[in-house]
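The values are calculated or read from the model by the stated rules, or taken from the named source; none is laboratory data. Every value quoted in this text rests on a predicted model; they were computed, and no experiment measured them. Note that each Cβ is placed from the backbone with ideal geometry, even for glycine, and that neighbours are counted across all protein chains shown. Surface accessibility is based on the protein's heavy atoms, side chains included, excluding ligands, DNA and RNA. Shrake-Rupley method; radii C 1.70, N 1.55, O 1.52, S 1.80 Å.
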2 protein chains.
Amino acid sequence: MTQSRSKYDSGCPVAYALDIFGDRWSLLVIRDMAVKGARTYGELLAGWEGISTNILAQRLKQLEAAGIVTKAKDPDNGRSYVYALTEKGRDLAPVLIEIALWSGRHNPAAHAMTGFLDKIEADRQGAEARMRAGELP
Amino acid sequence: MTQSRSKYDSGCPVAYALDIFGDRWSLLVIRDMAVKGARTYGELLAGWEGISTNILAQRLKQLEAAGIVTKAKDPDNGRSYVYALTEKGRDLAPVLIEIALWSGRHNPAAHAMTGFLDKIEADRQGAEARMRAGELP
DNA sequence: GTTTTTACTTGCAAAATGCAAGTCCTCGTG
DNA sequence: CACGAGGACTTGCATTTTGCAAGTAAAAAC
């Protein structure tokens, strides 16, 4: 509830996308699932940036409503749920990759990641395929 | 003032980028400059989605501080300023393109733009080059 | 010299965010 | 099977950000 659908929708595809992940955290959650393999609420909560628990819960609901992630009971652990990216969510791989490459090109303090980013740049198709397949690059 | 630099910086390139344009409006401003050719405050204010004037002013300041846009006096009109994308800003073209293509693939109501997006998909290099050059696609 | 244009500020209500502290199951153990 | 611990969230505010409306300042036009 608290529907936020198409609040700013103008017909522009960029605006459609921002309606879904145009905020501080949504893309980071998607990144944690796509490149870090995070699957549970706890794993997402322990991400690199420290999202707070209420925001994470809200974002997961929104992303689920937008068809980016699914939520299912963990068959092996009754108190746990497994979040997963849908095809629509995995298909954000190229967006994440372009954002990361842009940062690598323009963030003067991106030394730590350069090896990683160089590898992605050298084989973008492969990196994208691996991300889509859920194999951490 | 009200420094927001690296508030959430974790070293991740995605987080670096979101620090700069991870909000509701920044990318739309960049889009208006990159694909609509908006150059003045007034043109940006009259964008497709209706940003409010105080937010626009603040975003322009942040984007300028982040090296994405420049602001200069209009030599032909003393009361006007000309905003322009820097190389760093123009280099966001691939990000905008991937976002738009993703929306085209997954927004069921994206009929109006399909012709446009198909053209981009058919010649991504060209579309990117044209956006970079400031030629509206 | 008065009115318009252009580019912003300012004020304030409403919404979103962030932190800390619960709550509600479920599982593992004695 | 009681009991503590784990996992996934809510709930309650204080703080921050957003958004609308209105106001200001300086250059152009008339």
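Pull up the stretch B:45-55, narrow it to residues that are within 14 Å of chain A (Cβ to nearest Cβ) and among the aliphatic types (A, V, I, L, M), then point me to the one that is nearest to A:Val14 (Cα to Cα).
Applying the filter and picking the extreme gives B:Ile51.
If you take the residues of the stretch A:34-56 that are in a loop (DSSP other than H, G, I, E, B) and β-branched (Val, Ile, Thr), which of them is surrounded by the fewest Cβ atoms within 10 Å (Cβ to Cβ)?
Checking each candidate, the answer is A:Thr40.
Residues in the stretch B:50-94 that are closer than 17 Å to A:Gly22 by Cβ and without any contact (Cβ under 8 Å) to a residue 24 or more places away in the chain: how many?
Residues flagged as closer than 17 Å to A:Gly22 by Cβ and without any contact (Cβ under 8 Å) to a residue 24 or more places away in the chain within the stretch B:50-94 amount to 3.
Inspect all residues belonging to the stretch A:12-28 and state whether any of them is facing chain B (nearest Cβ under 9 Å), surrounded by fewer than 14 Cβ atoms within 10 Å (Cβ to Cβ) and more than 26 Å from B:Gly67 (Cβ to Cβ).
no
If a residue must be in contact with a Gly (Cβ under 9 Å, 6 or more places away or on another chain) and open to solvent by 70 Å² or more (accessible area, probe 1.4 Å), how many such residues does the stretch A:120-134 contain?
Counting residues in the stretch A:120-134 that are in contact with a Gly (Cβ under 9 Å, 6 or more places away or on another chain) and open to solvent by 70 Å² or more (accessible area, probe 1.4 Å) gives 1.
What's the number of the condition A:Arg31 fails, among (1) facing chain B (nearest Cβ under 8 Å); (2) open to solvent by less than 30 Å² (accessible area, probe 1.4 Å); (3) not in a helix (DSSP H, G or I)?
(3)
Does B:Ala57 count as among the small types (Gly, Ala, Ser) and within 7 Å of DNA strand C (Cβ to nearest atom)?
Yes; evaluated as a whole, the condition is true for this residue.
Which condition number in (1) at pLDDT 95 or above; (2) within 24 Å of A:Ile97 (Cα to Cα) is the one that B:Asp118 fails?
Exception for B:Asp118: condition (1).
Among the residues of the stretch A:70-81, are any of a type in the set (Phe, Trp, Tyr) and not assigned by TED's automatic domain parsing to the domain that holds A:Leu18?
No - not one qualifying residue is present in the stretch A:70-81.
In the list A:Pro13, A:Pro75, A:Pro94, which residue meets the criterion of being over 13 Å from the mean Cα position of the chain (by Cα) and closer than 22 Å to B:Ala100 by Cβ?
The unique qualifying residue is A:Pro13.
Kindly establish whether A:Tyr83 is at pLDDT 95 or above, away from DNA strand C (no atom under 16 Å from the Cβ), among the aromatic types (Phe, Trp, Tyr) and over 24 Å from B:Lys88 (Cβ atoms).
Spelling it out, A:Tyr83 is indeed at pLDDT 95 or above, away from DNA strand C (no atom under 16 Å from the Cβ), among the aromatic types (Phe, Trp, Tyr) and over 24 Å from B:Lys88 (Cβ atoms).
Mind checking which residues of the stretch B:1-25 are at pLDDT 70 or above, of a type in the set (A, V, I, L, M, F, W, C) and not in a helix (DSSP H, G or I)?
B:Cys12, B:Trp25
Within the stretch A:60-112, track down each residue that is of a type in the set (Gly, Ala, Ser), assigned to a strand (DSSP E or B) and either open to solvent by 40 Å² or more (accessible area, probe 1.4 Å) or within 13 Å of chain B (Cβ to nearest Cβ) (or both).
A:Ala72 - this is the single residue of the stretch A:60-112 that is of a type in the set (Gly, Ala, Ser), assigned to a strand (DSSP E or B) and either open to solvent by 40 Å² or more (accessible area, probe 1.4 Å) or within 13 Å of chain B (Cβ to nearest Cβ) (or both).
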